[in-house]
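Read the structure below first, then the notes.
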Amino acid sequence: MSQAIPAPASPEIAVPTIPLGQIAPWALFFGLLAVIALFFVSADQGAISIPAGNAVHEWVHDGRHLLGFPCH
Ligand SMILES: [Zn+2]
């Protein structure tokens, strides 16, 4: 009763290769953005903030506690 159903032929998929020289500037850029975001979430207490005061600290305060950084 059981008949084998032939699997459909899988098409050839060409995976593009991106040279490292083209990725490196973007990786550096987004790595720098990630470090800046991590600084504001983890270490910024208002002392050396570009907008003076605790505005950035208060803005990321819940994320700070969510990630387990010591605060108060
Ligand atoms: Zn806190």
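Residues Gly53, Gly21: which one is away from the ligand (no atom under 13 Å from the Cβ), outside any helix (DSSP H, G or I) and not acidic (Asp, Glu)? Steps first, answer last, please.
Working: Gly21 fails: outside any helix (DSSP H, G or I).
Matching residue, one of Gly53, Gly21: Gly53.
Could you check Glu12 against (1) within 16 Å of the ligand (Cβ to nearest atom); (2) open to solvent by 100 Å² or more (accessible area, probe 1.4 Å); (3) of a type in the set (D, E, K, R) and say which number it fails?
Against the list (1) within 16 Å of the ligand (Cβ to nearest atom); (2) open to solvent by 100 Å² or more (accessible area, probe 1.4 Å); (3) of a type in the set (D, E, K, R), Glu12 comes up short only on (1).
The values are calculated or read from the model by the stated rules, or taken from the named source; none is laboratory data. Quick caveat, the model's predicted, so the values are computed rather than measured. Heads up, the Cβs are rebuilt from the backbone with ideal geometry, glycines too, and the neighbour counts pull from every protein chain shown. To get the accessible areas, we keep the full protein, side chains included, count just its heavy atoms, and leave off ligands, DNA and RNA. Shrake-Rupley method; radii C 1.70, N 1.55, O 1.52, S 1.80 Å.
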